[in-house]
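Structure, as structure tokens:
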Amino acid sequence: MDVNLATFTYICVSRSHRNPLGRLGEADDLAPVVAFLCLPLRQWPSRGCRWRSNSERHRISFRSVDIDHRGELYDRPKTMEGGDQKCDDNQAVGRWTLVGTTALVTGGTKGIGHAIVEELARFGAAVHTCSRNEAELNECLQQWRALNLKITGSVCDVSSDVEREKLMQTVNSVFHGKLHILVNNAGTVIWKPVVEQTPEDYRRIISTNLDSAFHLSQLAHPLLKASGRGCIVNISSIAGFVAIDSASVYAATKGALNQLTRSLACEWAKDNIRVNCVAPAYIRTPLIQTCLQSQQLSEDEEFVAREARRVSLGRLGAPEEVAAVVAFLCLPASGYVDGQVIIVDGGRTVNGNN
Ligand SMILES: NC(=O)c1ccc[n+]([C@@H]2O[C@H](COP(=O)([O-])OP(=O)(O)OC[C@H]3O[C@@H](n4cnc5c(N)ncnc54)[C@H](OP(=O)(O)O)[C@@H]3O)[C@@H](O)[C@H]2O)c1
């Protein structure tokens, strides 16, 4: 088709109105996404790039990590000083850092939430987290202090609306009214067939997984807007796409989270708030232990082997592999990614060979 400049401009302007972010994308919006998909976890710049005050050269901290065939992580931090060509570009550096930002991650004392808290903090964000168990929370805070990470925390049961309000008041005061990142991570599952789920089970799953994400997003809205560059990442599950045995109510909350993500992205783009979602498959966390117990699988290996056969990469995921995607969605590098549900499942949902 032959399109003259005036027609092309008209098409661009009219189509940009259909786009929640209100503009067409540029090559520079795509390049970081491609770069992210190419980066092995071992070269992930988990502490971002920091400028050294005494020279124009900067320092970038890489995590030298590897995942073994069981999905377990080896972590060997190392630092590279200046001179790395990829970081010579000021703009590129700015895209891969969270220095100066603030974040709230729910359920940060274990599993995926714990990995997200550390990942965001290593990128330079000041992070606040919560959980129900005070002793565990204090232990985590102590460990993070020893690692020099800027992480605070408070006790909160996110299934309670009163406690959610209290949590947001705390966040408001800790971060002086500005929140850049909200990660709705805390979630629970009660493994039972539908006919055995009690009204209490149903209410607990819905209030922990869905009410909390909806209400915390609502409460965080003024703080995210005030930051000038807000973002929300919801943690859903592949159960929002495919059936998982004995997890129907859980699946319903995750399917709802996927659509809440898309709708909020369109509603809040005008306030400079991006909303995305990450949907993992089985990841090695304490939550998985509850699944093993419910299926009376005493042998961890039996479950892992069965699940690994379904995954094209042939292994379960590690919490850090989910955290890396969450961090990417919070970075300026993903500034043109909005309203998406990113599946992190090692290829499980596309694998027709199982
Ligand atoms: N692991 C997987 O295979 C997998 C797969 C797909 C999706 N996901 C999703 O990923 C998220 C994290 O899962 P995970 O496997 O990391 O779970 P996990 O190992 O059970 O950790 C859950 C974290 O959330 C906290 N938490 C739970 N209920 C809470 C509540 N009502 N209020 C406040 N904090 C609460 C827990 O601390 P306390 O118990 O002390 O409160 C803990 O810190 C969930 O949304 C889950 O649905 C997990």
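Does residue 227 count as touching a Lys or Arg at 6+ places or on another chain (Cβ under 6 Å), within 14 Å of the ligand (Cβ to nearest atom) and within 20 Å of residue 328 (Cβ to Cβ)? No, not satisfied. A single entry from 236, 246 fulfils the requirement of being closer than 13 Å to residue 187 by Cα, surrounded by 17 or more Cβ atoms within 10 Å (Cβ to Cβ) and in contact (Cβ under 8 Å) with a residue 24 or more places away in the chain: 236. Out of 164, 204, one residue alone is surrounded by 19 or more Cβ atoms within 10 Å (Cβ to Cβ), under 20 Å from residue 109 (Cβ atoms) and of a type in the set (D, E, K, R). It is 164. Whenever a residue of segment 277-289 is charged (D, E, K, R), its partners that are in a helix (DSSP H, G or I) and more than 6 Å from the ligand (Cβ to nearest atom), lying with C-beta atoms within less than 9 angstrom and at least six residues away or across chains, give the pairs 284/304; 284/319.
Considering segment 240-310, the qualifying helices (runs of 4 or more DSSP H), each wholly inside and each with 1 or more residues that are charged (D, E, K, R) and away from the ligand (no atom under 15 Å from the Cβ), run over 248-268, 300-310. All of (1) within 14 Å of the ligand (Cβ to nearest atom); (2) assigned to a helix (DSSP H, G or I); (3) surrounded by 24 or more Cβ atoms within 10 Å (Cβ to Cβ) hold for residue 130 with one exception: (2). For first residues located in segment 158-182 and small (Gly, Ala, Ser), partners that are more than 16 Å from the ligand (Cβ to nearest atom) and lie 6+ apart or on another chain with Cβ distances below 7 Å form the pairs 177/223; 177/226. Number of residues in segment 110-127 that are more than 15 Å from the chain's Cα centre (by Cα) and either assigned to a loop (DSSP other than H, G, I, E, B) or among the charged types (D, E, K, R) (or both) equals 1. Of all the criteria given as (1) among the polar types (S, T, N, Q); (2) surrounded by fewer than 20 Cβ atoms within 10 Å (Cβ to Cβ); (3) under 15 Å from the mean Cα position of the chain (by Cα), the one not satisfied by residue 217 is (2).
Residues checked against (1) closer than 25 Å to residue 218 by Cβ; (2) open to solvent by 10 Å² or more (accessible area, probe 1.4 Å); (3) at pLDDT 95 or above:
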{"position": "276", "(1), (2), (3)": "yes, no, yes"}
{"position": "281", "(1), (2), (3)": "no, yes, yes"}
{"position": "299", "(1), (2), (3)": "no, yes, no"}
{"position": "326", "(1), (2), (3)": "yes, no, yes"}
{"position": "343", "(1), (2), (3)": "no, yes, yes"}
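Among the residues making up segment 168-200, those that are within 16 Å of the ligand (Cβ to nearest atom), surrounded by 14 or more Cβ atoms within 10 Å (Cβ to Cβ) and assigned to a helix (DSSP H, G or I) are 168, 170, 171.
State whether the residues of segment 261-268 include one that is open to solvent by 20 Å² or more (accessible area, probe 1.4 Å) and in contact with a Phe, Trp or Tyr (Cβ under 8 Å, 6 or more places away or on another chain). Checking segment 261-268: not a single residue is open to solvent by 20 Å² or more (accessible area, probe 1.4 Å) and in contact with a Phe, Trp or Tyr (Cβ under 8 Å, 6 or more places away or on another chain).
The values are calculated or read from the model by the stated rules, or taken from the named source; none is laboratory data. The structure presented is a predicted model; accordingly, all values stated were derived computationally and were not measured. FYI the Cβ positions are ideal-geometry reconstructions off the backbone, even for glycines, and counts take in every protein chain you see. Side chains included, ligands, DNA and RNA excluded: accessible areas come from the protein's heavy atoms. Shrake-Rupley method; radii C 1.70, N 1.55, O 1.52, S 1.80 Å.
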